[in-house]
Amino acid sequence: MAYLSDHKKFTAEMEKPLDYYSQNKQRIVFISDGAPWIKNWIADAYPDAISVLDYYHASEHLHDYAKATIKDDAQRKQWLDKRLELLLNGEVQK
């Protein structure tokens, strides 16, 4: 769900439908941009939920890491391409 408003309105809107799933012991999975307020809200309100960083923001972190640690352009591209492929294939543990 995309929502454009402040975080207090967002959490208030989301809690009713999410509480239904939580009360019925159904697993809740959040996919987000990793903003601190979202991580904190999920941890506080739904501690048993699974939280996943979305692909776009995960790839941004990989790009930043590669740029900071691998100086050679060709090596950086090769390293980054491999990690992005693993990420897309759900193989982040590799």
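Here is a yes/no grid of residues against (1) more than 30 Å from Met14 (Cα to Cα); (2) in contact with a His (Cβ under 7 Å, 6 or more places away or on another chain):
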site: Asp48; (1), (2): no, no
site: Asp64; (1), (2): yes, no
site: Ala74; (1), (2): yes, no
site: Leu80; (1), (2): yes, yes
site: Arg83; (1), (2): yes, no
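Got a sec? Which helices (runs of 4 or more DSSP H) wholly within the range 2-71 have at least 2 residues that are over 21 Å from Glu85 (Cα atoms), free of Cβ contacts under 8 Å to residues at least 60 places away in the same chain and among the charged types (D, E, K, R)? Counting at least 2 such residues, we get 7-23, 36-45.
Could you grab me the full set of residues in the range 72-94 that are assigned to a loop (DSSP other than H, G, I, E, B) and at pLDDT below 95? Selection gives Asn89, Gly90, Glu91, Val92, Gln93, Lys94.
Considering only the range 49-63, I want to know if a residue exists there that is surrounded by 14 or more Cβ atoms within 10 Å (Cβ to Cβ), outside the structural domain of Gln23 (by TED's automatic domain parsing) and farther than 24 Å from Ala35 by Cβ. Scanning the range 49-63 turns up no residue that is surrounded by 14 or more Cβ atoms within 10 Å (Cβ to Cβ), outside the structural domain of Gln23 (by TED's automatic domain parsing) and farther than 24 Å from Ala35 by Cβ. In this structure, Tyr46 qualifies as out of contact with any Phe, Trp or Tyr (no Cβ under 6 Å at 6 or more places or on another chain) and outside the structural domain of Arg83 (by TED's automatic domain parsing). Could you check how many residues of the range 22-37 are loosely packed, with under 14 Cβ neighbours inside 10 Å and out of contact with any His (no Cβ under 7 Å at 6 or more places or on another chain)? Qualifying residue count for the region: 9.
Against the conditions (1) at pLDDT 85 or above; (2) among the polar types (S, T, N, Q); (3) out of contact with any Leu (no Cβ under 7 Å at 6 or more places or on another chain); (4) surrounded by 13 or more Cβ atoms within 10 Å (Cβ to Cβ), Asn40 satisfies every one except (4). What number goes with the only condition from (1) out of contact with any helix residue (DSSP H, G or I) (no Cβ under 9 Å at 6 or more places or on another chain); (2) loosely packed, with under 11 Cβ neighbours inside 10 Å; (3) at pLDDT below 95; (4) acidic (Asp, Glu) that Glu13 does not pass? Among (1) out of contact with any helix residue (DSSP H, G or I) (no Cβ under 9 Å at 6 or more places or on another chain); (2) loosely packed, with under 11 Cβ neighbours inside 10 Å; (3) at pLDDT below 95; (4) acidic (Asp, Glu), Glu13 violates only (2).
Note on the range 64-93: among residues that are under 24 Å from Pro36 (Cα atoms) and touching a Lys or Arg at 6+ places or on another chain (Cβ under 8 Å), the one that is surrounded by the most Cβ atoms within 10 Å (Cβ to Cβ) is Ala66.
The values are calculated or read from the model by the stated rules, or taken from the named source; none is laboratory data. Note that the structure is a prediction, hence the values are computed from the model and not measured. In this analysis, Cβ positions are derived from the backbone assuming ideal geometry, glycine residues included, and neighbour counts consider all displayed protein chains.
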